[in-house]
Amino acid sequence: TEALLDTLQHTAFNFFWNEVNASNGLIRDRNTTWSPCSIASLGFGMSAICVGIDHGWITRTQGRDRILTALQTLWTKPQGTAVSGMIGYKGLYYHFLDMNTGTRTWTCELSTIDTALLFAGIIDAKQYFSTSDPMDALVRQYADSITYRADWDFMRNSNPGILMGWKPETGFAGYGQWIGYNEAMILYLLALGSPTHAVPASAWNTWTSGYTWYSYG
């Protein structure tokens, strides 16, 4: 059983390690040549790299170098309101990025939940590379710069809760608030805890207002 689990874990790690553009650190959404990068996949991939180091599948230096490459891409690619050529806006990121250019692909949305999943992986890497080594410190520096830049309150657009997305072509049109028991818990926790652009505590109540409560017994 232990050997089977190790094989399954190693295979999962291999996806995130191999389905990558090593020159910019971006990870594909799926293992097809045409697939763009999903920023959520990139976030999971950063966590997977930390796991891979602990298992001895890659060295610490290999993993850190790959993560640093991705962080440099996320930090340096342009952000703005143009419909193309941008990686994101207001510190958040487009759901899908071109594997080569690192900028918005298709007409995808600036995604709050996928940005949150990306940030979860970045924060995981920040906590993992915790030594006084200058390269570890650089990981942490990039992690803080990237996550602190996100303007979560912008993604409320004066609503009580956080909206799902935004597009440069149409703005917030068609995107409702994250309400109800779902994956958005991680999104709200990150937005509430932001040291720079936090949403008000009442946003949590907006999210939980959609819960359906049951009492048994």
Check: Residues 170, 131, 206: which one is of a type in the set (Val, Ile, Thr) and touching a residue at least 12 places away in the same chain (Cβ under 8 Å)?
Finding: 206
Next item on the list: Filter the range 62-97 for residues that are touching a residue at least 24 places away in the same chain (Cβ under 8 Å) and of a type in the set (Val, Ile, Thr) and give the result.
Entry: 67, 69, 73, 81, 83
Margin query: open to solvent by 50 Å² or more (accessible area, probe 1.4 Å) and within 16 Å of the chain's Cα centre (by Cα): is that true of residue 79 in this structure?
Written below: yes
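Considering each of 131, 170, 115 in turn, give the residue that is over 30 Å from residue 209 (Cα atoms) and out of contact with any Ser or Thr (no Cβ under 9 Å at 6 or more places or on another chain). Explain how you work it out, then say what you get.
Working: 170 fails: over 30 Å from residue 209 (Cα atoms); 115 fails: over 30 Å from residue 209 (Cα atoms).
None of the others qualify; the one that does is 131.
Return a yes/no flag: does the range 184-192 have any residue that is over 26 Å from residue 44 (Cβ atoms), without any contact (Cβ under 8 Å) to a residue 40 or more places away in the chain and open to solvent by less than 50 Å² (accessible area, probe 1.4 Å). Step through it out loud before you land on a result.
In the first step, residues of the range 184-192 are kept if they are over 26 Å from residue 44 (Cβ atoms); the result is none.
Checked against the condition, which is being over 26 Å from residue 44 (Cβ atoms), without any contact (Cβ under 8 Å) to a residue 40 or more places away in the chain and open to solvent by less than 50 Å² (accessible area, probe 1.4 Å), the range 184-192 yields no hits at all.
Mind listing whichever residues of the range 146-156 are in a loop (DSSP other than H, G, I, E, B) and surrounded by fewer than 19 Cβ atoms within 10 Å (Cβ to Cβ)? Let's see the steps before the verdict.
In the first step, residues of the range 146-156 are kept if they are in a loop (DSSP other than H, G, I, E, B); the result is 150-152.
Correct list: 151 only.
Of all residues in the range 1-20, count the ones that are outside any helix (DSSP H, G or I) and closer than 18 Å to residue 122 by Cβ.
1
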Checklist line | Options 116, 125: the member that is in contact (Cβ under 8 Å) with a residue 40 or more places away in the chain, open to solvent by less than 50 Å² (accessible area, probe 1.4 Å), closer than 19 Å to residue 182 by Cα and out of contact with any Asp or Glu (no Cβ under 7 Å at 6 or more places or on another chain) | finding: 116
Next item on the list: Would you please name the residue that is least open to solvent (accessible area, probe 1.4 Å), looking only at residues in the range 36-76 that are under 10 Å from residue 121 (Cα atoms) and of a type in the set (Ser, Thr, Tyr)?
Entry: 41
Check: Mind checking whether some residue in the range 82-95 is in a helix (DSSP H, G or I), under 13 Å from the mean Cα position of the chain (by Cα) and under 19 Å from residue 164 (Cβ atoms)?
Finding: no
Notebook entry, point to check: When the residues of the range 134-144 are filtered to those that are touching a residue at least 12 places away in the same chain (Cβ under 8 Å) and either of a type in the set (Lys, Arg) or open to solvent by 50 Å² or more (accessible area, probe 1.4 Å) (or both), which remaining residue is farthest from residue 93 (Cα to Cα)?
Noted result: 135
Item checked: Members of the range 157-183 found to be open to solvent by less than 40 Å² (accessible area, probe 1.4 Å) and not in a strand (DSSP E or B), listed by number -> 161, 162, 168, 172, 176, 178, 180
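Criterion first (touching a strand residue (DSSP E or B) at 6+ places or on another chain (Cβ under 8 Å), in a strand (DSSP E or B) and touching a residue at least 12 places away in the same chain (Cβ under 8 Å)) does residue 106 satisfy it? Before you say what the answer is, go through the steps one by one.
Details: touching a strand residue (DSSP E or B) at 6+ places or on another chain (Cβ under 8 Å): yes; in a strand (DSSP E or B): no; touching a residue at least 12 places away in the same chain (Cβ under 8 Å): yes.
Criteria not met by residue 106.
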Check: Yes or no: residue 111 surrounded by fewer than 17 Cβ atoms within 10 Å (Cβ to Cβ), touching a residue at least 60 places away in the same chain (Cβ under 8 Å) and of a type in the set (Gly, Ala, Ser)?
Finding: no
Notebook entry, point to check: Only one of (1) assigned to a loop (DSSP other than H, G, I, E, B); (2) touching an Asp or Glu at 6+ places or on another chain (Cβ under 9 Å); (3) of a type outside the set (Ser, Thr, Tyr) fails for residue 45. Which number is that?
Noted result: (1)
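The values are calculated or read from the model by the stated rules, or taken from the named source; none is laboratory data. The structure presented is a predicted model; accordingly, all values stated were derived computationally and were not measured. No Cβ is skipped: glycine too gets one built from the backbone with ideal geometry, and neighbour counts run over all protein chains shown. All accessible areas refer to the heavy atoms of the entire protein, side chains included, with ligands and DNA or RNA removed. Shrake-Rupley method; radii C 1.70, N 1.55, O 1.52, S 1.80 Å.
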